[in-house]
Amino acid sequence: MTVESAAEYTEHMPEFPTPDAANAVEVQNPYASATPSAAAGPKRVRTRHFQNAKQQGIPITGLTSYDMMTAQIFDQAGIDFLLVGDSAGNNVFGYETTLPVTVDELIPLTRAVARAVTRALVVADMPFGTYETGPSEALHTAVRFMKEAQAHAVKLEGGVRSRKQISRIVSAGIPVMAHIGFTPQSEHGLGGHMIQGRGPGAEQLIKDALAVQDAGAFAVVLEMVPSGIAAEVTERLEIPTIGVGAGPGVDGQLMVWTDFAGMTEGRVPRFVRQYANLRSVLTDAVHAFKEDVDSGAYPGPEHSYE
Ligand code: KIV
């Protein structure tokens, strides 16, 4: 079965066969309350749906989200997972890189996104400096995101170097999305925004991919790697690969929402396709508002109370 759009995918989701159907029957959440999120029940995207999607060749879609409104829109459109990325460092807090962003800054954003969705899997990004010293620190950070922000999974950067952290978090029952290739938290170490996995780097990329799979990650983001090697990694792995600038031969695609919707000022990376130009729409709207106020055209009688 080939499913081409996110909406069709949503329709098909409840019918996904599971790898072990007899043991993976999900019932309506017995603890569901009136909140849409808790009542979502069997239709919520789970990590096993990622696995099924890979097996069936159904593309997985992901977008970053940092707030309730975009989360609602993306969730209702059938996007499978929302990443509360540390790219919030750039796109919400205005830092030059992702390095300064903290867990305390990301928790309220993650909570807003998690509360807004009924279907999408919400992945919280673990910031730089919150997992590198070892498995205990990593678990502590992951638990904060699950407990204080109601995330459904966490993401962290690094392949071989992060395998112990991934394994510890997974053993506590927390799903981990890994992230290899270009890892923005290491941009100074990597010498800038450099494509990874080219030439001799391909061997390291494959080692990293196998290491995160062995450690128990349910999916792996491949950022800025050549299409050929991304397709090879995808072929070799049992877990799905999610591409950000990794070409078409991966199991899913992730984009930073401010890039794909044309909110970002200036140049965007080559791999971004802009599906809208929200920056110019908002700019026009704000100019029109200001002109109307300056000229007295707004508010009119229809906007005023008797
Ligand atoms: O924080 C983020 O947006 C990310 C993606 C670019 C993968 O980590």
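The values are calculated or read from the model by the stated rules, or taken from the named source; none is laboratory data. The model shown is predicted, which means the values in this text are computed figures rather than measured ones. Every residue, glycine as well, gets a Cβ built from its backbone with ideal geometry; the counts of neighbours run over all protein chains shown.
Residues being within 18 Å of the chain's Cα centre (by Cα), of a type in the set (Asp, Glu) and closer than 22 Å to Arg198 by Cα: count how many of those fall in region 231-289.
Qualifying residue count, region 231-289: 1.
May I ask you to list pairs of residues, at least six apart or on different chains, whose Cβ atoms are under 8 Å apart, with the first in region 72-84 being in contact (Cβ under 8 Å) with a residue 60 or more places away in the chain and the second being surrounded by fewer than 18 Cβ atoms within 10 Å (Cβ to Cβ) and in a helix (DSSP H, G or I)?
Filtered contacts from region 72-84: Ala77/Ala6; Ala77/Ala7; Gly78/Ala6; Gly78/Ala7; Ile79/Ala6; Asp80/Ala6.
Taking region 150-166 on its own, how many of its residues are hydrophobic (A, V, I, L, M, F, W, C), away from the ligand (no atom under 15 Å from the Cβ) and either under 18 Å from Thr98 (Cβ atoms) or surrounded by fewer than 24 Cβ atoms within 10 Å (Cβ to Cβ) (or both)?
Of the residues in region 150-166, 1 are hydrophobic (A, V, I, L, M, F, W, C), away from the ligand (no atom under 15 Å from the Cβ) and either under 18 Å from Thr98 (Cβ atoms) or surrounded by fewer than 24 Cβ atoms within 10 Å (Cβ to Cβ) (or both).
I need the full set of residues from region 170-192 which are away from the ligand (no atom under 11 Å from the Cβ), in a loop (DSSP other than H, G, I, E, B) and either more than 16 Å from Phe145 (Cβ to Cβ) or β-branched (Val, Ile, Thr) (or both), in order please.
Ile174, Glu187, His188, Gly189, Leu190, Gly191, Gly192
Pairs under 8 Å by beta carbon, first residue free of Cβ contacts under 8 Å to residues at least 12 places away in the same chain in region 85-104, partner of a type in the set (D, E, K, R) and more than 9 Å from the ligand (Cβ to nearest atom), six or more apart or different chains?
From region 85-104, the pairs are Asn90/Glu96.
Which one of these does Pro200 not meet: (1) modelled with pLDDT of 95 or more; (2) more than 15 Å from the ligand (Cβ to nearest atom); (3) not polar (S, T, N, Q)?
The number of the failed condition is (1).
Does Tyr66 meet the test of being in contact (Cβ under 8 Å) with a residue 24 or more places away in the chain and of a type in the set (Ser, Thr, Tyr)? Break it down into steps so the answer makes sense when it comes.
On the way: in contact (Cβ under 8 Å) with a residue 24 or more places away in the chain: yes; of a type in the set (Ser, Thr, Tyr): yes.
Judged against the criteria, Tyr66 is a match.
Go through region 62-143 and tell me which helices (runs of 4 or more DSSP H), entirely inside it, have 1 or more residues that are touching a helix residue (DSSP H, G or I) at 6+ places or on another chain (Cβ under 7 Å), closer than 23 Å to Arg46 by Cβ and within 15 Å of the ligand (Cβ to nearest atom). Steps first, please.
Working: elements: 68-76, 88-91, 103-116.
So the answer is 68-76, 103-116.
Pairs only if they're at least six apart or on different chains, beta carbon under 9 angstrom, first in region 32-56 and over 14 Å from Val220 (Cα atoms) and part of a loop (DSSP other than H, G, I, E, B), second of a type in the set (S, T, N, Q) and modelled with pLDDT under 95; list them, first residue then second.
Once the first residue is over 14 Å from Val220 (Cα atoms) and part of a loop (DSSP other than H, G, I, E, B) and sits in region 32-56, its partners that are of a type in the set (S, T, N, Q) and modelled with pLDDT under 95 give Arg44/Asn29; Arg44/Ser37.
Within the group Asp251, Asp284, which residue is more than 13 Å from the ligand (Cβ to nearest atom) and closer than 30 Å to Ile206 by Cα? So that I can check it myself, show each step before the final result.
Working: Asp284 fails: closer than 30 Å to Ile206 by Cα.
Step by step, each of Asp251, Asp284 is checked, and only Asp251 is more than 13 Å from the ligand (Cβ to nearest atom) and closer than 30 Å to Ile206 by Cα.
Determine whether Ile195 is in contact with a Lys or Arg (Cβ under 9 Å, 6 or more places away or on another chain) and closer than 29 Å to Ile58 by Cα. Reasoning before the result, please.
Values: in contact with a Lys or Arg (Cβ under 9 Å, 6 or more places away or on another chain): no; closer than 29 Å to Ile58 by Cα: yes.
No, not satisfied.
Can you pull out every residue in region 100-112 that is touching a Pro at 6+ places or on another chain (Cβ under 8 Å) and aliphatic (A, V, I, L, M)?
If the condition is that a residue be touching a Pro at 6+ places or on another chain (Cβ under 8 Å) and aliphatic (A, V, I, L, M), then Val101, Val103, Leu106 are the ones that fit.
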